[in-house]
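The values are calculated or read from the model by the stated rules, or taken from the named source; none is laboratory data. Please read all numbers here as calculations on a predicted model, not as lab measurements. A quick note on method: Cβ atoms are made from the backbone with ideal geometry, for glycine too, and the neighbour counts reach across all protein chains shown. Side chains are part of the model used for accessible areas, which takes the heavy atoms of the whole protein and leaves out ligands, DNA and RNA. Shrake-Rupley method; radii C 1.70, N 1.55, O 1.52, S 1.80 Å.
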Amino acid sequence: SLEALGWLLVALSTEKNQASNDLIDKIYKHVKDHVSESSETAHFMISYGDDGQSVMLHSNQRTDAILLEAILHIDPNSSLCTKLSQGLQAHRVKGAWKSTQENCFVLIALDKYF
């Protein structure tokens, strides 16, 4: 899943060597292939064939937050970071996201971004 790849990017970025750099590049290219960008925002497109929230506790904003944090580790100057943070902020409803889990992941990622 894209979430797992995000966590792998963070783990691989802690110990830099040629093998990990090559793997980071491959994963980063795969992740960028699944992003949907507009002029101001970005989000990652993922589907589990159902709502995903009830069975897998999946949420699009959580995925975006995990990948924002990962990209901040490997490519902090990417314009994708700004677009992801704007997209995450745009999905707030009455100052919060859909669940406590989303709130936690998004707030941690935005804290690292800002």
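Tabulated data for the structure shown
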{"read-out": "With all protein chains modelled, accessible area of Trp7 [1.4 Å, Å²]", "value": "130 Å²"}
{"read-out": "Pairs of lysines in the chain (C-alpha under 27 Å apart; 8 or more residues apart or interchain)", "value": "17"}
{"read-out": "Accessible carbon and sulfur surface of the chain relative to its total accessible area, %, 1.4 Å", "value": "53 percent"}
{"read-out": "Linear extension gain, His91 paired with Ser36, 0.36 nm per residue minus alpha-carbon span", "value": "18.3 nm"}
{"read-out": "Segment Leu107-Leu23, length gained on full extension (0.36 nm per residue, minus Cα span)", "value": "27.5 nm"}
{"read-out": "Rounded FRET efficiency, nearest 0.05, which uses the C-beta distance separating Ser13 from Phe114 and R0 of 25 Å", "value": "0.80"}
{"read-out": "Value of [θ]222 nm, deg cm²/dmol, for the chain, DSSP H segments ≥ 4, -39500 (n - 2.57) each, nearest 500", "value": "-19500 deg cm²/dmol"}
{"read-out": "Virtual spin-label span in nm between Thr100 and Asp75, 7 Å along Cα→Cβ", "value": "3.6 nm"}
{"read-out": "Glu40 - accessible surface, heavy atoms, 1.4 Å probe, Å² rounded to 10", "value": "120 Å²"}
